[in-house]
Amino acid sequence: MSRDATVVRSLPLGKESESLFDILSKTEQYGLVEKECGFIPDETLTTVSFFHFVEISFKQGFITTIPLLISTPLGIGVVDKILPIFGKQNLTFMDKVFSIMLSVLPALASVLFVAILFSMFYHGNLVRKIRKAIVQGMIIGKAMGTALCFAIFHIVYFMVCRNPKFYNWLYSAVGKKFYNQVATVVYDMGDVLIESSWFVVGLFILACLCLWIGTKVGEKKTKRLNQFIEKWDLT
């Protein structure tokens, strides 16, 4: 079949996709079809299917951001020597790297996976529209997850770590013997929470950058392939 031909057929783009992996798998298939047979009209992806893809990507982006509520303060707390999780105060460089990796992996793993696939896909008409749905959903989901983490970190900072009433309650709860040690950790964790709040914002920006780079690399490869095909008349 000529590559210049426009492929118009019934494509299973609707509710059959129940996860981000389903969407990415189908996107790769459609890219291969467009690469070999010609562009598929982007109208093939209905508005309902488009927002269904946005919904799935949104859930993925939001759910993978929420673990930062725990992993980020733990990672930064270890690096700042407030939480001696490794059982030692003098951390090696690898200990710090391991702590930071545990903090960022929950939020960046899926983004890096999607970005790498985007850099490999053939970006035809239909693939670009599906890609738009995936990117919009993931960014909105991660933005809301980041905003939630940012807000919770600051609420805990002001309501617990810097609240005199909390320390009065803490004294009565743990007693004089353990109060100084526990209160010091809680107070120091306040600084960790503020660092964590801006850390998750930086991760969100990094996630957006990864998706943008993956998209641009994929588009550039597609453009070069199309130019090569046209130059050597391989249609």
About its Cα centre, how strong a charge dipole does the chain have in debye, to the nearest 20, once Lys and Arg get +1 and Asp and Glu get -1 at the Cβ? 440
The range 69-197: Rg to Rh, with Rh as the Kirkwood radius over Cα pairs: 1.15
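What is the extension gain from LEU74 to LYS223, computed as 0.36 nm multiplied by their sequence separation minus the C-alpha to C-alpha distance, in nm to one decimal? Provide the component values of the computation, followed by the final result.
Values: separation 149, 0.36 × 149 = 53.64 nm, distance 4.42 nm.
Gain on extension, LEU74 to LYS223, equals 49.2 nm.
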Note the angle between two axes, namely the Cα long axis of helix 93-120 and the longest principal axis of the Cα atoms of the chain, as a number of degrees from 0 to 90, rounded to the nearest 10. 20
Taking only Cα atoms and a 10 Å spring cutoff, compute GNM fluctuations for the chain and point out the largest among PHE199, PHE113, PHE166. PHE166
LEU105 paired with ILE152, simple spin-label distance in nm, labels 7 Å along Cα-to-beta-carbon: 2.0
Degrees, to the nearest 10: 164-231 long Cα axis against longest axis of the chain: 10
Spatially proximal aspartates and glutamates relative to LYS216 (Cα-Cα < 17 Å; intrachain offsets below 8 disregarded): GLU28
With 0.36 nm assigned to each residue of separation and the Cα-Cα distance removed, PHE98 to LEU170 gains 22.7 nm
Coarse-grained scattering of the range 29-130 at q = 0.11, 0.15, 0.17, 0.24 Å⁻¹, given as base-10 log I(q)/I(0) from a Debye sum over alpha-carbon atoms: -0.54, -0.73, -0.83, -1.19
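Report the local net charge at LYS129: Lys and Arg +1, Asp and Glu -1, summed over other residues whose C-beta lies under 13 Å from its C-beta.
+1
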For the chain, would you read off the P(r) tail past 31 Å as a percentage of all alpha carbon pairs? 41
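Looking at this model, which pairs from LYS96/LYS142; LYS142/LYS176; LYS81/LYS132; LYS59/LYS165; LYS142/LYS220; LYS81/LYS176 are more than 31 angstrom apart at the alpha-carbon?
LYS142/LYS176; LYS81/LYS132; LYS59/LYS165
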So, counting K/R as plus one and D/E as minus one, what does the shell of residues with Cβ under 13 Å around LEU211 add up to? +3
Report the full-extension gain for the segment LYS132 to ILE213: residue separation times 0.36 nm, less the Cα-Cα distance, to one decimal in nm. 27.8 nm
If the label point is 7 Å along Cα→Cβ of ILE82, which residues in the range 172-201 have backbone nitrogen under 15 Å from it? 181-200
Cα-projected label distance for ASN163 with TYR187, points at 7 Å along beta-carbon direction, nm: 1.8
Say each of GLU230 and ASN180 gets a label point 7 Å from the Cα, pointing the same way as Cα to Cβ; how far apart are those two points in nm? 7.7
With springs connecting C-alpha atoms under 10 Å apart, model the chain as a Gaussian network and identify which of THR184, THR222, THR64 has the largest mean-square fluctuation. THR184
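Quick one: divide the alpha-carbon radius of gyration of the range 98-143 by 2.2 N^0.38 Å and tell me what you get.
1.37
If R₀ is 25 angstrom, what is the calculated FRET efficiency for the pair TRP198 and SER19, using the beta carbon separation as r and rounding to 0.05? Walk me through the numbers before you get to the answer.
Details: r = 32 Å, r/R0 = 1.27.
Once the sixth-power term is evaluated, E becomes 0.20.
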Using +1 on the beta carbon of Lys and Arg, -1 on that of Asp and Glu, and nothing else charged, what's the dipole of the range 75-166 about the Cα centre, debye to 20? 260
Tell me the angle of helix 68-79 to the major Cα principal axis of the chain, expressed in degrees between 0 and 90 and rounded to the nearest ten. 60
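Every number here is computed from the coordinates shown, using simple stated rules; none is lab data. Just so we're clear, the structure is a prediction, and the values are computed from it rather than from any experiment. Positions of Cβ are backbone-derived with ideal geometry, glycine not excepted, and every protein chain shown enters the neighbour counts.
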